[in-house]
Amino acid sequence: MKRILLIHSSLFGDDSASTGIAQSLVERLLREHPGSKVTTLDLAREALPHLAAEEFNSWLVPEEQRDAGQRSLAVISDRLIDQLMSHDVLILAVPMYNLGIPSTLKVWIDRVSRAGKTFAYTSDGPKGLVRGMQAYLVLSRGGLYRGTPLDTQTGYLTSVLGLMGITDVETIFAEGLNMGGDTRQKSIDAAMAKVRELPVNEHEEYGYAAA
Ligand SMILES: Cc1cc2nc3c(=O)[nH]c(=O)nc-3n(C[C@H](O)[C@H](O)[C@H](O)COP(=O)(O)O)c2cc1C
């Protein structure tokens with residue numbers, strides 16, 4: 001039984017390639033792990049606000065000393081972290097926007113990648129506090145970027161997940177979606193084939209490490 005957190009960020013709703021491919025991945029995982037639970041977050045439909053100074057500063061105030069305003073701001077990030085931590089599979093469906101990730105996904109990351117909560121600064125550098133989580137990245141693009149310096153998404157997402165301790169990351173690409181001809185369909189078909197063939201790993205222990 002898996003607890004799957006599926007995060008969409010495409011502006012194209014049901015026509016989105018990343019949404020469709022990620023959905024197929026969920027169906028595959030549900031077949032492999034009957035009884036698994038899925039939570040879906042659509043950041044394009046329910047966008048979080050940018051992380052502004054007041055909200056960030058509320059995290060720095062010890063919990064018992066926060067006033068009502070600080071409590072209501074700190075709880076936004078606390079709840080997203082609790083949500084992440086209560087799952088053991090994370091699927092990020094990520095279209096490329098202006099050579100980067102959607103800004104709606106960035107603000108989610110700004111709230112879950114949090115010192116003292118999901119990673120800790122140590123004398124050896126940052127240490128991830130999330131254990132045993134499997135992540136899948138479904139990366140869709142209009143053009144072709146894989147393996148080039150313009151693929152800013154893969155390195156960034158792998159690094160920021162790694163910072164939190166999420167190092168088991170599988171990547172599925174759907175590229176060239178806006179290049180005309182049959183490129184789009186072929187690319188989506190290849191991504192769907194990869195979803196069917198992916199090894200589905202077992203993870204022993206899931207949870208939090210001590211800060
Ligand atoms: C605001 C916006 C910015 C985009 N920027 C890029 C880009 O920088 N590079 C690219 O290859 N495609 C870009 N695209 C095209 C999308 O990546 C492409 O349409 C992709 O299929 C979207 O994925 P989805 O179908 O999963 O939503 C952009 C699309 C939008 C709406």
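The values are calculated or read from the model by the stated rules, or taken from the named source; none is laboratory data. Please read all numbers here as calculations on a predicted model, not as lab measurements. Reconstructed Cβ throughout: ideal geometry from the backbone, glycine too, with neighbour counts over all protein chains shown.
I'd like to check something: does segment 9-30 contain any residue that is charged (D, E, K, R), within 16 Å of the ligand (Cβ to nearest atom) and in contact (Cβ under 8 Å) with a residue 12 or more places away in the chain? Checked segment 9-30: no residue is charged (D, E, K, R), within 16 Å of the ligand (Cβ to nearest atom) and in contact (Cβ under 8 Å) with a residue 12 or more places away in the chain. Within segment 31-42, being without any contact (Cβ under 8 Å) to a residue 24 or more places away in the chain and surrounded by 16 or more Cβ atoms within 10 Å (Cβ to Cβ) holds for no residue. Search segment 145-183 for residues being within 12 Å of the chain's Cα centre (by Cα) and of a type in the set (A, V, I, L, M, F, W, C), and hand back the single one that is farthest from the ligand (Cβ to nearest atom). Residue satisfying both the conditions and the ranking: MET164. With respect to being charged (D, E, K, R) and in contact with a helix residue (DSSP H, G or I) (Cβ under 6 Å, 6 or more places away or on another chain), GLU55 fits the description.
Hey, among LEU157, LEU177, LEU137, LEU161, which residue is on the phi < 0 side of the Ramachandran plot, assigned to a strand (DSSP E or B) and buried (at least 16 other Cβ atoms within 10 Å of the Cβ)?
On the way: LEU157 fails: assigned to a strand (DSSP E or B); LEU177 fails: assigned to a strand (DSSP E or B); LEU161 fails: assigned to a strand (DSSP E or B).
Of the residues listed, the single one that is on the phi < 0 side of the Ramachandran plot, assigned to a strand (DSSP E or B) and buried (at least 16 other Cβ atoms within 10 Å of the Cβ) is LEU137.
Once segment 124-144 is narrowed to residues that are at pLDDT 95 or above and away from the ligand (no atom under 16 Å from the Cβ), the residue that is farthest from LEU105 (Cα to Cα) is LYS127. Taking every residue in segment 74-101 that is within 21 Å of ILE21 (Cβ to Cβ) and pairing it with any residue that is among the polar types (S, T, N, Q) and more than 16 Å from the ligand (Cβ to nearest atom), at least 6 positions away or on another chain, the pairs with Cβ-Cβ distances below 9 Å are HIS87/THR39; ASP88/GLN134; VAL89/SER36; VAL89/GLN134; LEU90/GLN134.
Can you say whether ARG3 is in contact (Cβ under 8 Å) with a residue 12 or more places away in the chain, in contact with a helix residue (DSSP H, G or I) (Cβ under 7 Å, 6 or more places away or on another chain) and of a type in the set (Lys, Arg), as far as the supplied structure shows?
On the way: in contact (Cβ under 8 Å) with a residue 12 or more places away in the chain: yes; in contact with a helix residue (DSSP H, G or I) (Cβ under 7 Å, 6 or more places away or on another chain): no; of a type in the set (Lys, Arg): yes.
Taking the combined requirement at face value, the residue does not satisfy it.
For segment 77-116, filtering for residues that are part of a loop (DSSP other than H, G, I, E, B) and either away from the ligand (no atom under 16 Å from the Cβ) or under 11 Å from the mean Cα position of the chain (by Cα) (or both) leaves 7. The set of residues from segment 180-205 being under 30 Å from TYR121 (Cα atoms) and surrounded by 13 or more Cβ atoms within 10 Å (Cβ to Cβ) comprises just one member, HIS203. Among the residues making up segment 78-131, those that are over 22 Å from ALA52 (Cα atoms) and of a type in the set (A, V, I, L, M, F, W, C) are MET85, VAL89, LEU90, ILE91, LEU92, ALA93, VAL94, MET96, LEU99, LEU129, VAL130. The set of residues from segment 43-77 being of a type in the set (Asp, Glu) and buried (at least 17 other Cβ atoms within 10 Å of the Cβ) comprises just one member, GLU55. Scanning segment 99-117 for residues that are surrounded by fewer than 21 Cβ atoms within 10 Å (Cβ to Cβ) and over 16 Å from LEU43 (Cβ atoms) returns LEU99, ARG114, ALA115, GLY116.
Please indicate, with yes or no, whether at least one residue in segment 51-61 is assigned to a helix (DSSP H, G or I) and touching a Lys or Arg at 6+ places or on another chain (Cβ under 8 Å). Within segment 51-61 (the criterion being assigned to a helix (DSSP H, G or I) and touching a Lys or Arg at 6+ places or on another chain (Cβ under 8 Å)), the answer is yes, since at least one residue qualifies.
Of all the residues in segment 119-134, those that are in contact with a helix residue (DSSP H, G or I) (Cβ under 6 Å, 6 or more places away or on another chain) and either crowded, with 20+ Cβ neighbours inside 10 Å or part of a helix (DSSP H, G or I) (or both) number 1.
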